[in-house]
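No value in this document is a laboratory result; all are computed from the given coordinates. The model shown is predicted, which means the values in this text are computed figures rather than measured ones. Virtual Cβ from ideal backbone geometry, glycine too; neighbours counted across all protein chains shown.
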Amino acid sequence: MDEDLQQDIVIVGAGIAGLATALGLHRQGLKSLILESHDALRTAGFALTVWTNAWKVLEALGVADTLRQQHVKIQR
């Protein structure tokens, strides 16, 4: 089998959890394959609530600051 096609882990779903998992695995030197049912990226039409622990994960991955700069924080 072609070594380029071999993956250590298969991730089902290219949402925030799947992409964050793939990024974390990549940084640990593990190859992953992400499977997504949609055939194109969606850039609008959804809302995302991110709780405190999720922000801690995004900070650990180094993407939290970029997300904060590009999106509006809704306060109660």
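General observations
- Residue count, the stretch 50-76 (criterion: part of a helix (DSSP H, G or I) and surrounded by fewer than 10 Cβ atoms within 10 Å (Cβ to Cβ)): 4
- Cβ-Cβ under 6 Å pairs, at least 6 apart or on other chains, the stretch 18-40 side in a strand (DSSP E or B), far side surrounded by 14 or more Cβ atoms within 10 Å (Cβ to Cβ): Ser32/Ile11; Ser32/Ala22; Ser32/Leu25; Ile34/Ile11; Ile34/Ala14; Ile34/Gly18; Ile34/Ala22
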